[in-house]
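Just below is one structure, and these are the notes that go with it.
The values are calculated or read from the model by the stated rules, or taken from the named source; none is laboratory data. Keep in mind that what you see is a predicted model, and the values were worked out from it rather than measured. In this analysis, Cβ positions are derived from the backbone assuming ideal geometry, glycine residues included, and neighbour counts consider all displayed protein chains. Note: areas computed on protein heavy atoms with side chains; ligands, DNA, RNA excluded. Shrake-Rupley method; radii C 1.70, N 1.55, O 1.52, S 1.80 Å.
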Amino acid sequence: MNNRLVLNLIHRRYRPQRGFALPMALMIGVVGLVVAATMLIRGQADQNQAVSQNAKTKSMAAAEAGLARVQSLMGNVKFIALYPMSDWGSAMTLSSDKTTVSLASGSSIANYVNKVASSTACSSTGTDVTNKENAIKAQLASLLVVAGNSTSSLDANDTSKGKYRVVGYTYSGTAGAMPGTSPQTGSLIIQGESGDNGASSAARIAVNIPVSGTSAGVGASDVAPGLWIKKGGINTTGSNSWETSNTALDPNGNRFDANVLFSDCSGGLSDSYVSSVQSQRLVKNIVPGATARKTNLSFPLLPPNPSSIAVNLGSITTSVTLPRTSPADATATDGNYHYTLDNSANTPTTTCTGKGKAKVCTSSVSGVRVTVNKPTNGDVFVYNNLGSIDGSVTVNLPRSTDVASSDGIYRYLVNSIGGSSGNSTINVSTSEEVNLYVLGDVKFNGSGDLNHNCEGVTDCSPSDLEIFAYATSSATPGTGLMCLKGNARVDGLILAPAYDLGKTGGGSWYGSLFGYSWGKGNCGSNNGNTPSVIQTGTWSTLPSYFQPSSFSPQLGNFTAYQQQPVQ
């Protein structure tokens with residue numbers, strides 16, 4: 001073979017391919033760019049994801065912090081848990097500086113605020129209640145700031161900590177009604193928002209809040225007080241000054257066979273004074289463990305004033321059935337129908353069916369009949385108007401002309417009792433239940449007397465005679481007089497938050513007396529060694545209006561915690 005030809009063939013076979021290096025270099029460059037771009041995009045995505053995750057974490061943290069804040073805000077005004085958030089906005093308007101709220105007149109929340117303030121105030125009227133209401137309004141404002149679309153920063157000095165707001169709140173029970181034996185549920189939704197400038201995020205948390213009633217710190221086995229006063233000690237001489245810790249106890253003053261509670265609104269009673277009342281004035285025969293002590297329980301509230309809520313029927317001249325349906329009468333806020341009836345002097349015929357609280361009576365006066373039917377829900381309350389009982393007169397209750405309410409109780413609206421002389425006498429039947437609603441002073445400090453003696457009478461108790469006193473007619477609010485006397489036993493309950501109470505004579509009051517003061521002013525209280533008040537009941541046996549006021553439910557720990565999508 002030709003060697004030259006072989007070498008030439010070998011040289012051609014192994015010679016590098018001309019033009020291949022440049023495309024290869026370009027391809028490698030493109031691949032590098034793609035890889036670099038991919039890494040850049042992935043890094044950017046990772047960074048965005050990290051930023052987004054951080055914002056999400058912050059918004060969730062803001063929601064959880066906001067949940068704790070709202071828990072604290074609602075804890076300051078627990079009664080607001082009885083209302084859905086839709087009621088908050090309709091009843092409350094936030095002030096421009098966001099420090100207080102104005103309340104829609106007549107709204108349920110406005111009425112509730114007044115009840116809470118009145119139950120914790122020392123005086124039943126005036127600036128004390130107003131100051132309590134203003135404090136509650138300020139607390140409500142803090143809650144309203146974060147309700148609805150308004151947000152609040154967790155830290156005003158560091159907005160990066162985020163914001164929060166209440167998205168919604170509902171209540172499973174009847175709005176404004178305390179839970180019964182079974183707890184209700186409040187459902188709360190909180191939204192948290194991150195405060196980062198680079199990314200924004202929102203998160204929502206939904207929880208349930210158990211809402212239950214409260215016993216106001218008393219139990220069924222506790223002995224209820226025979227005497228409960230708001231201010232001062234136990235004066236005996238009718239002094240116009242409040243008794244304080246510096247006042248020496250009169251050794252011949254009133255004795256009490258009962259618990260004695262002092263709300264001590266003036267802050268003038270020392271523990272040593274209260275101890276001296278217990279050691280020197282409590283007989284402890286009928287109630288061996290009776291004590292004198294200061295209390296922070298909220299004073300009971302009066303029932304609604306009949307003169308303000310009752311429909312005045314005047315003197316009936318034609319037969320009427322209550323409640324009326326044409327035109328239909330409306331119920332009051334307590335769900336009952338209320339009527340004031342001016343009785344005729346004509347001789348009537350009264351027919352009753354049932355017994356006690358089940359009694360239903362109709363009264364005919366010269367062919368005119370008043371029929372009271374019990375509604376499916378609630379009751380019909382009829383207040384027989386007695387006007388002012390003055391002079392040396394004797395009134396026997398119930399009278400044959402009187403109409404009983406649908407719950408069987410005879411109710412009476414009274415302007416005042418005793419006048420200037422105190423010589424009026426009221427005899428109350430021991431076979432009926434009688435409630436007196438008094439607008440002015442009650443004076444039995446002359447020859448008059450109040451008689452309701454259950455001794456030896458079957459099915460008779462102090463709760464069969466209940467007296468509610470309002471001090472809105474002849475007496476200036478806060479200075480009403482409730483002067484009691486007598487040498488015989490009287491069984492009854494008195495709730496007179498704005499009255500100076502006093503008891504003279506040799507007889508004892510069996511039951512409970514709740515008032516503003518004892519033995520101050522014109523109502524002296526000197527029974528000598530005979531107990532002025534003898535305790536008869538426990539908290540469980542006292543009617544609802546004589547129970548410590550309790551308008552704040554208990555809010556339990558959050559349950560059913562879950563995240564919700566932000567809409």
With all distinct Cα pairs included, what does the Kirkwood hydrodynamic radius of segment 225-322 come out to in Å, to one decimal, could you say? 16.1 Å
Report the equivalent ellipsoid semi-axes for segment 250-297 in whole Å, largest first, defined as the square roots of five times the eigenvalues of the gyration tensor built from alpha carbon atoms. 19, 13, 8
Just to check I understand the Karplus step: with θ = phi - 60° and J = 6.51 cos²θ - 1.76 cosθ + 1.60, what whole-Hz values come out for segment 407-424, glycine and proline as x? 8, x, 8, 8, 10, 9, 9, 10, 5, 6, 10, x, x, 7, 8, x, 9, 7
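Ignoring ligands, DNA and RNA, please state the percent of accessible area on segment 300-344 from carbon and sulfur, probe 1.4 Å. Before the final figure, lay out the partial values.
Working: 1080 of 2250 Å².
Roughly 48 percent, rounded to a whole number.
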How much net charge surrounds residue 533 when only other residues with a Cβ under 14 Å from its Cβ are counted (Lys, Arg +1; Asp, Glu -1)? +4
Straight-line reach check, residue 374, cutoff 18 Å on alpha carbons, 8 or more apart in-chain or any other chain, hits among lysines -> 355, 357, 359
Around residue 388, with a cut-off of 14 angstrom between Cβ atoms, what is the net charge of the other residues, counting Lys and Arg +1 and Asp and Glu -1? -2
For a 24 Å ceiling on Cα separation, which of these pairs sit above it: 132/443; 78/137; 294/520; 115/230; 115/163? 132/443; 115/163
Run the numbers on segment 258-341 and let me know its relative contact order in percent, using alpha-carbon pairs under 8 Å that are six or more apart. 29 percent
Cross-link reach list, aspartates and glutamates versus residue 284, counting only Cα pairs under 12 Å and skipping chain neighbours closer than eight places: 257
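Mean separation of Cα pairs under 8 Å and 6+ residues apart, divided by the residue count of segment 164-315: what relative contact order is that in percent? Don't skip to the end; give the middle numbers.
On the way: 215 pairs, mean separation 25.0, N = 152.
Relative contact order, segment 164-315: 16 percent.
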Assigning unit charges at the beta carbon (Lys, Arg +1; Asp, Glu -1) and nothing else, what dipole magnitude in debye, to the nearest 20, does segment 242-300 show about its Cα centre? 160 debye
Rounded percent of accessible protein surface that carbon and sulfur make up, segment 121-212, 1.4 Å probe: 43 percent
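If you wrap a convex hull around the C-alpha atoms of segment 101-202 and split its volume per residue, what is the figure in Å³?
Details: hull volume 14.3 nm³, N = 102.
In segment 101-202, the Cα hull volume divided by residue count equals 140 Å³.
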Cross-link partners of residue 161 among aspartates and glutamates (Cα-Cα below 20 Å; sequence separation of 8 or more within a chain): 64, 193, 196
Hey, got the dipole for segment 367-508? About the Cα centre, +1 on K and R Cβ, -1 on D and E Cβ, debye to the nearest 20? 260 debye
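Give the carbon-plus-sulfur fraction of the accessible surface of segment 438-526 in %, rounded to a whole number; probe 1.4 Å, heavy atoms of protein chains only.
Numbers: 1060 of 2490 Å².
With neighbouring chains kept in place, the figure for segment 438-526 is 42 percent.
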So what is the relative contact order for segment 483-553, in percent, with contacts set as C-alpha pairs under 8 Å and at least six apart? 29 percent
How charged is the neighbourhood of residue 522? Take every other residue with its Cβ under 11 Å from the Cβ of residue 522, and add Lys/Arg as +1 and Asp/Glu as -1. 0
